[in-house]
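The values are calculated or read from the model by the stated rules, or taken from the named source; none is laboratory data. Predicted model, so just to flag it, every value in this text is computed and none were measured. Neighbour counts are summed over all protein chains in view; Cβ atoms, including those assigned to glycine, are modelled from backbone coordinates with ideal geometry. Side chains included, ligands, DNA and RNA excluded: accessible areas come from the protein's heavy atoms. Shrake-Rupley method; radii C 1.70, N 1.55, O 1.52, S 1.80 Å.
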Amino acid sequence: MKTLKAKDLINVGIFTALYFVSMAVGNFIAVFVAGLIVPGLSSLFIPALVGLVSGPVYMLMIRRVPRFGAITIVGVIMGLFLLVFGHFALSFIPYALCGLLADLTQSLLNGSRPNLARYLSYVILTFGCTGPVLPLWFMKDAYVASLVRRGKSQEYINGVFAPITGITFLVCIVVTLAGALAGAWIGCRIVDRHFNRIPAGR
């Protein structure tokens, strides 16, 4: 595996910042658009919308920095951002873990099946964005305790958990997968069309 160089780390920092901006755009769409269409369920669509809009940034990053470690760094930093912005403490783990798994997938498959590597690694990274919502289903007591420590009222807590059912979990997983695949397709199309002349790693 090729190792990251100083120039690569600078590029990773730039693409991480761009990924963060695209993540913020996905959050905005989920809160203000999906929130109007499906009130109370907007947070469940955040991973899907982040996956939808972040594809071009990701695809350009793995073209410019085709080295193991780049995607892992993005996953770790995004997980830290979630902690800084007050999400559930364990939200860090899915993003960091998915970043590492996406990195391994991209590195192992890129030589033999580059298109599959791009799509699959991006889907894996996108599922890291489910970190803030997965505890709603699997760690309810701990999540409630964290909301109480942050001063949230019982009415607020009840509203958070009102849509949390087995059906909405499946909806979250399916739409996240769909959003990530669509974002990967859009990203590949944009990068292949407009950045194909830029040699990889330059």
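Per-residue answers, yes or no, for (1) assigned to a helix (DSSP H, G or I); (2) in contact (Cβ under 8 Å) with a residue 40 or more places away in the chain; (3) β-branched (Val, Ile, Thr):
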residue: Leu4; (1), (2), (3): no, yes, no
residue: Phe15; (1), (2), (3): yes, yes, no
residue: Phe45; (1), (2), (3): yes, yes, no
residue: Val74; (1), (2), (3): yes, yes, yes
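Residue check: is Leu82 open to solvent by 50 Å² or more (accessible area, probe 1.4 Å), on the phi < 0 side of the Ramachandran plot and in contact (Cβ under 8 Å) with a residue 24 or more places away in the chain?
When the stated conditions are applied, Leu82 does not pass them.
How many residues does region 126-142 contain that are farther than 23 Å from Ala24 by Cα and open to solvent by less than 80 Å² (accessible area, probe 1.4 Å)? Step through it out loud before you land on a result.
Keep residues of region 126-142 that are farther than 23 Å from Ala24 by Cα, which gives 137-142.
Now restrict to residues that are open to solvent by less than 80 Å² (accessible area, probe 1.4 Å): 137, 139, 142.
Total satisfying the criteria: 3.
Against the definition (in a helix (DSSP H, G or I) and out of contact with any Gly (no Cβ under 8 Å at 6 or more places or on another chain)), how does Val33 come out, yes or no? Lay out the reasoning, then the answer.
Working: in a helix (DSSP H, G or I): yes; out of contact with any Gly (no Cβ under 8 Å at 6 or more places or on another chain): yes.
Judged against the criteria, Val33 is a match.
So is Ala117 over 30 Å from Asn158 (Cβ atoms) and buried (at least 19 other Cβ atoms within 10 Å of the Cβ) or not?
Yes.
Is it the case that Leu147 is under 17 Å from the mean Cα position of the chain (by Cα), surrounded by 14 or more Cβ atoms within 10 Å (Cβ to Cβ), in a helix (DSSP H, G or I) and on the phi < 0 side of the Ramachandran plot?
No, not satisfied.
Within region 150-177, how many residues are open to solvent by 50 Å² or more (accessible area, probe 1.4 Å), touching a residue at least 12 places away in the same chain (Cβ under 8 Å) and farther than 16 Å from Leu41 by Cβ?
2
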